[in-house]
Amino acid sequence: MQDVRGKSVRCGSFSRIVSLAPNITEILFFTKAGPLLKGVTRFCNYPAEANLIEQIGGIYDPDMEKIISLDPDLVIATKDGNPRQAVDFLEGAGIPGFVINPRNMEEILATMENIACLTGAPGDIFNRIDSLRAELKRGNGRRGEKKARVLFLVSQRPLIAAGKRTFIDEMIERAGGVNVAARYDLSYPRLGVEDILSLSPDLIFWVPSMGEQSGEGQLDRLRSILKSDAIELIPVDSDIYTRPGPRFFEGMVEMEKIINRPR
């Protein structure tokens with residue numbers, strides 16, 4: 001099998017794997033390969049068992065010496081999230097690498113299948129992935145009705161939205177909404193309060209910031225700066241909505257219910 005760089009690896013031949021991103025860790029557990037994991041990043045917090053695995057640093061600053069000391073026979077990395085030089089260094093040390101780069105929901109499913117193949121997953125895992133794909137093709141959200149205008153804020157300070165060419169844009173569309181931030185050229189445009197009000201969203205999904213005031217405090221802050229009772233503000237779990245892995249589809253189902261509920 002080839003990764004996104006065109007490098008080939010053999011399926012089902014690995015027993016000591018290091019994950020360099022949270023979505024990779026989640027996919028490995030989904031494919032029942034959790035016991036093969038010997039190292040994860042400090043951001044790999046799901047499922048709970050991931051917290052018991054040796055940590056090898058962060059996504060952008062993995063500890064090379066720590067990884068090598070774990071004697072892995074495969075390191076799985078992301079093209080956009082992990083430093084290319086880190087993967088190159090590890091491969092130079094004799095550790096095979098497999099790099100993923102899912103850019104849409106179908107590619108998330110294909111990545112899950114590839115990792116399932118790499119780890120020799122049982123057949124029922126591929127059946128579960130096929131079920132997710134069938135649900136995706138079925139089409140979600142209402143059709144032929146007025147669609148809710150949706151804004152998804154991935155950051156509050158500064159105010160940054162998910163625009164076009166993003167996973168969240170596709171999620172909103174499939175859930176039956178209209179992504180009002182898709183009008184911008186940037187995938188993640190930075191917005192001012194006036195920009196948000198001019199977009200006239202019906203719903204704003206927002207990610208609570210870590211290490212700041214409570215969720216209620218952050219909600220009050222958003223309400224105070226928007227000064228609009230017409231916009232429904234909905235806090236969501238960042239890990240579910242922004243990680244391109246198995247739980248991303250749970251987020252889509254949840255979003256569909258919220259967008260299409262009676263108002």
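None of the figures in this text is laboratory data; all of them are computed from the coordinates on show. Values in this document were obtained by computation on a predicted structure and should not be read as measured data. Ideal geometry is used to build each Cβ from the backbone, glycine not excepted, and the neighbour counts take in all protein chains shown.
Structure summary
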{"read-out": "Length gained when the stretch F43-K146 is fully extended (0.36 nm per residue, less Cα-Cα span)", "value": "33.2 nm"}
{"read-out": "FRET efficiency, C11 to L219 (Cβ-Cβ, R0 35 Å, nearest 0.05)", "value": "0.15"}
{"read-out": "Value of relative contact order over region 17-137, rounded to a whole percent, pairs C-alpha under 8 Å and six or more apart", "value": "25 percent"}
{"read-out": "Under 16 Å from K257, Cα to Cα: lysines that are on another chain or at least 8 residues apart", "value": "K146, K147"}
{"read-out": "At 1.002 mPa s and 20 °C, Stokes diffusion of region 121-263 via Kirkwood alpha-carbon radius, µm² per second", "value": "134 µm²/s"}
{"read-out": "Tilt relative to the chain, helix 105-118 - C-alpha long axis, 0 to 90 degrees, to 10", "value": "20 degrees"}
{"read-out": "Relative contact order of region 149-260, pairs being alpha-carbon contacts under 8 Å that are 6 or more residues apart, as %", "value": "30 percent"}
{"read-out": "Once the Cα gyration tensor of region 72-143 is diagonalised, semi-axes √(5λ) in Å", "value": "30, 16, 5"}
{"read-out": "Residue range of the chain that is longest and free of GluC sites (Glu not before Pro) which are both DSSP loop and sparsely packed (at most 15 other C-beta within 10 Å)", "value": "55-144"}
{"read-out": "Distant-in-sequence amide H partners of I160 (H built 1.01 Å from N, under 5 Å)", "value": "V154, S155, L191"}
{"read-out": "Quotient of Cα Rg and 2.2 N^0.38 Å for the chain, N being how many residues it contains", "value": "1.08"}
{"read-out": "Candidate aspartates and glutamates - alpha carbon under 19 Å from K32, same-chain residues fewer than 8 apart omitted", "value": "E49, E54, D73, E113, D124, D130, E250"}
